[in-house]
Amino acid sequence: MSALFRKDKYIQVKGAGTVKEDAEGTKEQEQSEQKEKNKYKKINQVLEKIRKKDEDKEKDATFICPECGKELNRADVVINHYICTACGSYFRVRTKNRIRMVCDKGSFVPWFEDMPVSNPLSFPGYEEKLESIKEKTGLHEGVTVGEGRIFGEKVCLGVCDARFLMGSMGHVVGEKIAGTVERATDMRLPVVLFCCSGGARMQEGIISLMQMAKTSAALKRHAQAGLLYVSVLTDPTTGGVTASFAMLGDIILAEPGALIGFAGPRVIEQTIGQKLPKGFQRAEFQLDHGFVDGVVERDGLKSALYQILKSHRVSMENETFSNFMQEIPKFQPMEISRERLAKTPVKDAWEKVKEARSLRRPSALTYIELIFDDFVELHGDRNFRDDKTIVGGIAWLYGQPVTVIGVQKGNDVKECVLRNYGMTSPEGYRKALRLMEQAEKFHRPVICFINTSGAYPGMEAEERGQGEAIARNLFEMAGLKVPVLSIVIGEGGSGGALGLALSNEVWMLENSTYSILSPEGFASILWKDGKRAKEAAQVMGITADDLKRLAVIEEIIPEYGSAGPDTVADIAGYMKYHMTEFLRKFDKMSGEEIASDRYERFRKF
């Protein structure tokens, strides 16, 4: 039976060929399984990358404010112009974001992008460091310059970026700024520079220092061409940049909280051996001390620049001082005002003195608001302080740019204290003169509102040169080549008033006064009895009627009874209409003729 049984007949016995085939099948299966494993591994890797990316996005979506320590949503901060939504502190803005925030979309064209690297001292590792920063930031240098538009107004723009060696000024930065200013001068365009810098670039030594002189010299030529330069100071603006192009603007704006100074806070503290007070060298400190025209919030910065640029362009294009772009309606007072004018009895001199001093009389700012459009207030004397007694800036009269200056006395006790009761300090006169000289440069007429009992007689005013400040105003106003109109709206006290009234014409409100000194002072000096002030007022010739008779003033403005809340609209309306007539008188006169007209006016006295 065993002989008949064949194992290979019923049971497949593996031979050499069969083993080979099975081995190949197993290999294919293993390869297939490995491919499958690799496939899932790649899928897992992709999923892991996506997960990490999502985690990074989540992490990047929020960050901590270094000022208040609050966690902030990045998207919210971007929408809020890179300002902390919790505490309001300002974050530094990258160049591309600054350009996006300020310039019209797609209008910015960069200049001088590929300037060669400068290493005048062959400083070791400097060129490699520059290349590394370029790669990291995507910037060519510490400043980006070019031409753009702000709400349609053409401008040459420069933006410093603290990410590039703290915006320090080396040869290339100085060259780009000087080159931009020179090109702006050739093209007769205004310049706006966003300043942000730690100062000079140490690696370039004395050559870096020379950039301060070079940029300043270029700006001087730009200024001599009668062109506008606006500097915007951002955090931080220090060192050689502060001591050159940053502080040379016709108008200097600053962002809230920006550090602005020549020496850094740590250097000052180490030098004087004491802690600096909070807010020292910040934008608000510089505003109070008269070195910047305004601290402007980011969301209003583009509009503020537009108003400044537009007023400059229109003024420079105007061949006359009465280029009114709006229809000027004939002034007609309200019927009730006409009735008051007819029925109000004539006041004597002493009654007018009391009227002129009344707190209910409308202030300079009230008239500015009612008469002009889009008033942009400018601050500071660029020397010591911003005197809050003097308000001034650029405004529009029926589309004609004008410079407006006023003595703001105050409408209540609290404001009177803030405004020093309308008694101007030397820095107030210097601030007014700065604005008048700026008006002359940019071909704008000047309109002044006067309400002061006199210049401030304090000790500190004498220390800072009160007499010199008034004398300087008279000296420079005599030669201004633009029309100047001064209006006494309350008290016109002595040299303090005259310091803003060396004008082509002087007007007075009906119940205002203009005098050599107060009736009390007059009586005390001449009669040794201040109680005879009422009597003095009658003989001093201080009323509008007296001064019109003496040809000291040209126009008496009716008050329709008494200047106050009920009549201010009509008083302002009368002034506004007659201002247009005043400006038309100078349309065919040259600057020299306008100054000569003013000279002859005062020469006759």
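The values are calculated or read from the model by the stated rules, or taken from the named source; none is laboratory data. Treat the numbers as computed from the prediction; the structure is a model and nothing was measured. When we count neighbours, we look across all protein chains shown, and the Cβ atoms used for this are built from the backbone with ideal geometry, even at glycine. Accessible surface is based on the protein model in full, side chains and every heavy atom, while ligands, DNA and RNA are left aside. Shrake-Rupley method; radii C 1.70, N 1.55, O 1.52, S 1.80 Å.
Helix content alone sets the calculated 222 nm mean residue ellipticity of the chain: runs of n ≥ 4 DSSP H residues at -39500 (n - 2.57) each, divided across all residues, give -13500 deg cm²/dmol.
Classified by the C-alpha gyration tensor, the range 167-320 has an oblate form. Its axis ratio a/c, with a ≥ b ≥ c, is 1.5 or above, and a/b does not exceed b/c. Per-residue Karplus couplings for the range 172-177, computed as 6.51 cos²θ - 1.76 cosθ + 1.60 with θ equal to phi - 60°, are listed in order as 5, 4, x, 5, 5, 5 Hz, Gly and Pro entered as x.
Seen from a random direction on average, the alpha-carbon convex hull of the chain projects onto 48.6 square nanometres.
From the square roots a ≥ b ≥ c of the eigenvalues of the alpha-carbon gyration tensor of the range 491-605, which class results: rounded (a/c under 1.5), prolate (a/b over b/c), or oblate? Cα axes put the range 491-605 in the oblate bin. Sorting the segments 458-464, 380-386, 172-178, 35-41 by their residues' average number of neighbouring beta-carbon atoms within 10 angstrom, most packed first, yields 172-178, 380-386, 458-464, 35-41.
Gain on full extension, evaluated as 0.36 nm per residue between Lys343 and Arg266 minus their Cα-Cα distance, stands at 20.8 nm. A Förster radius of 45 Å, combined with the Cβ-Cβ distance separating Met210 from Lys388, puts the computed FRET efficiency at roughly 0.70. Remark: spin-label model distance Glu600-Met459 equals 4.9 nm, labels positioned 7 Å along the Cα→Cβ axis. At q = 0.15, 0.24, 0.26, 0.28 Å⁻¹ the log10 of I(q)/I(0) for the range 414-462 amounts to -0.50, -0.94, -1.01, -1.07, computed by Debye summation with a single uniform scatterer per C-alpha, solvent ignored. Note on Ile328 and Leu359: with the Förster distance fixed at 41 Å, the Cβ-Cβ geometry gives a FRET efficiency of about 0.80. For the chain, the relative contact order is 9 percent, taking Cα pairs closer than 8 Å that sit 6 or more residues apart in sequence and dividing their mean separation by the residue count. Per residue, the accessible area of the range 56-139 comes to 68 Å², computed with a 1.4 Å probe over protein heavy atoms only. Peptides 153-163, 555-565, 214-224 ranked from most to least packed, by the mean per-residue count of other Cβ atoms within 10 Å: 153-163, 555-565, 214-224.
Stretched out straight at 0.36 nm per residue, the stretch from Ser32 to Ala569 would grow longer than its current Cα-Cα span by 184.0 nm. Which shape class, rounded, prolate or oblate, goes with the range 450-502 when its Cα gyration tensor gives a ≥ b ≥ c as root eigenvalues, a/c under 1.5 marks rounded, and past that a/b bigger than b/c marks prolate? Oblate is the answer for the range 450-502, as a/c is 1.5 or above yet b/c matches or exceeds a/b.
For the set Lys354/Lys548; Lys481/Lys588; Lys354/Lys531; Lys220/Lys585; Lys302/Lys388, the pairs lying more than 23 angstrom apart at their alpha carbons are Lys220/Lys585; Lys302/Lys388. Return, ordered by residue number, the residues of the range 366-385 whose backbone nitrogen is under 18 Å from a label point located 7 Å along Cα→Cβ of Thr580. Only 368-374 pass the distance filter. Note on Thr62 and Arg100: the extension gain reaches 11.5 nm, defined as 0.36 nm multiplied by sequence separation minus the Cα-Cα distance. Here the chain exposes an accessible surface that is 54 percent carbon and sulfur, computed with a 1.4 Å probe and the other protein chains kept in place. If R0 is 25 Å, the Cβ-Cβ spacing of Lys136 and His81 corresponds to a FRET efficiency of close to 0.55.
What list of whole percents do you get for P(r) of the range 539-595, with Cα-Cα distances grouped in 5 Å bins up to the one holding the largest distance? Going from the shortest bin to the longest, the percentages are 4, 16, 16, 17, 21, 14, 9, 4, 0. Residues whose amide H falls under 5 Å from that of Gly465, counting only those 5 or more places apart or on a different chain, are absent, with hydrogens built in the peptide plane. Between Phe123 and Trp111, the modelled label-to-label distance comes to 2.6 nm, taking each label 7 Å out from Cα in the direction of the beta carbon. The angle separating the long axis of helix 568-584 from the principal Cα axis of greatest extent in the chain is about 90 degrees. Residues of the range 218-261 with amide nitrogen under 20 Å from the 7 Å Cα-to-Cβ point of Glu592? Under cut-off, by backbone N: 225-226.
In this rough spin-label picture, where each label sits 7 Å from Cα along the Cβ direction, the Ala217-Glu415 distance is 5.0 nm. Each residue of the range 411-427 was assigned a 3J(HN,Hα) from its phi angle through the Karplus curve 6.51 cos²θ - 1.76 cosθ + 1.60 (θ = phi - 60°); the sequence is 10, 8, 4, 4, 6, 4, 5, 4, 8, 6, 6, x, 8, 7, 8, x, 5 Hz, with glycine and proline shown as x.
On a per residue basis, the range 543-605 carries 48 Å² of accessible surface, using protein heavy atoms and a 1.4 Å probe. Beta-bridge orientation, the chain: approximately 40 percent antiparallel, per DSSP, counting only bridges with both partners inside. Taking the average, over residues, of other Cβ atoms within 10 Å as the packing measure, peptides 191-204, 139-152, 404-417 rank 191-204, 139-152, 404-417 from highest down. Relative to the longest principal axis of the Cα atoms of the chain, helix 16-60 runs at roughly 10 degrees. If one takes the longest principal axis of the Cα atoms in the chain, at what angle in degrees, from 0 to 90 and to the nearest 10, does the Cα axis of helix 466-477 lie? Orientation of helix 466-477: about 90 degrees from the principal axis. The mean sequence separation of alpha-carbon pairs under 8 Å and at least six residues apart, normalised by the residue count of the range 317-401, gives a relative contact order of 39 percent.
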